[in-house]
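Asker: Can you keep this structure in mind? I'll have questions shortly.
Where a number appears in this text, it was derived from the coordinates with a stated rule and is not lab data. If you're wondering where the values come from, they're calculated on a predicted model, not measured in any experiment. Cβ sites come from the backbone with ideal geometry, for glycine too, and all protein chains shown count toward neighbours.
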Amino acid sequence: MVEIDDHHGHDETTRRIYRGFFYNDEIGDRDLSDWEGDWQSVYPYLQSGDLDEVFEAKAAESDTMDFDDYVEYYDIGYETDVDRIVIEDDSFTFYYQDGNDYTAEYEYDGYEVLNYQRGNRGVRFIFSRVEGSEEMPQYIQFSDHIISPNESDHFHLYWGDDHDELIDEVTNWPTYYPSELDSEGLVQDMLAH
């Protein structure tokens with residue numbers, strides 16, 4: 001039997017924070033080790049139709065969006081040409097669809113709190129490049145519904161060379177899950193959200 005982690009936590013505080021309702025004094029700086037590992041993009045699974053079951057379930061619970069709306073929304077959100085990311089110690093390696101890969105070292109550069117139109121909030125944890133490939137972005141920002149030190153089980157990533165432009169980005173959020181998950185594992189995980 002497969003056990004599904006609902007990611008909403010097992011207590012009310014964790015569930016509240018996951019939904020984006022938290023107090024500033026609950027936010028804590030995080031180390032890159034919270035995201036260490038080998039991660040895969042979910043975008044290829046969307047493109048192949050493997051995530052259709054997830055979008056059907058979301059549409060069944062929504063009064064405002066149907067299946068096609070969800071596919072379009074997530075197609076924009078998940079879009080990326082970085083299929084795989086390996087995070088180890090202080091380095092990121094991006095593996096691109098075209099077969100190229102680049103590595104650089106990063107250091108923690110603080111966090112930003114974002115206020116969303118729906119009334120909830122999010123935290124972006126920011127890392128800046130200190131050495132390594134110039135092909136790598138100057139800034140990488142994590143968002144994973146966690147606001148203080150804790151290991152991540154998936155994350156949304158924003159990257160580029162303009163810090164402020166990245167903070168303003170809310171429509172494209174490439175999403176990564178552990179590379180060992182297959183399509184069935186991804187679907188089960190997403191349905192648990």
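Asker: With only Lys, Arg, Asp and Glu charged, each at its Cβ (+1 for the first two, -1 for the last two), find how big the charge dipole of the stretch 92-193 is about the Cα centre; round to the nearest 20 debye.
Answerer: 540
Asker: Right, another one. Between Ala192 and Val170, how high is the FRET efficiency from 1/(1 + (r/R0)^6) when r is the Cβ-Cβ distance and R₀ = 30 Å? Nearest 0.05.
Answerer: Efficiency, rounded to the nearest 0.05: 0.80.
Asker: Enumerate the calculated ³J(HN,Hα) couplings along the stretch 137-144 in order (Karplus 6.51 cos²θ - 1.76 cosθ + 1.60, θ = phi - 60°), each rounded to whole Hz, writing x wherever the residue is Gly or Pro.
Answerer: Using θ = phi - 60°, the values come out as x, 5, 10, 10, 10, 9, 9, 9 Hz.
Asker: Above 15 angstrom, tally the Cα pairs of the stretch 53-154 and express them as a % of all pairs, no decimals.
Answerer: So the pairs more than 15 Å apart make up 73 percent of the total in the stretch 53-154.
Asker: Quick one: Cα centre-to-centre distance for the stretch 48-109 and the stretch 164-193, in angstrom?
Answerer: Comparing the Cα centres of the stretch 48-109 and the stretch 164-193, I get a distance of 5 Å.
Asker: Please give the contour-minus-distance gain from Arg16 to Ser183: 0.36 nm per residue of separation, less the Cα-Cα distance, rounded to one decimal in nm.
Answerer: Contour length minus Cα-Cα distance gives 57.3 nm.
Asker: If packing is taken as the average count of other Cβ atoms within 10 Å, what order do 57-70, 148-161 fall into, highest mean first?
Answerer: The packing order, highest mean first, is 148-161, 57-70.
Asker: Right, here's the next one. Determine the gain in length on full extension of the stretch Asn24-Phe67; use 0.36 nm per residue of separation and subtract their C-alpha separation, reporting nm with one decimal.
Answerer: Difference between extended and current length: 11.9 nm.
Asker: Rounded to whole Hz and in sequence order, give me ³J(HN,Hα) for the stretch 110-115 from the Karplus expression 6.51 cos²θ - 1.76 cosθ + 1.60, θ = phi - 60°, writing x for Gly and Pro.
Answerer: Rounded to whole hertz, the list is x, 9, 10, 9, 10, 9.
Asker: Here's a follow-up. What is the sum of charges around Gly20, taking Lys and Arg as +1, Asp and Glu as -1, for the other residues whose C-beta is under 15 Å from the C-beta of Gly20?
Answerer: Value of the local net charge: +2.
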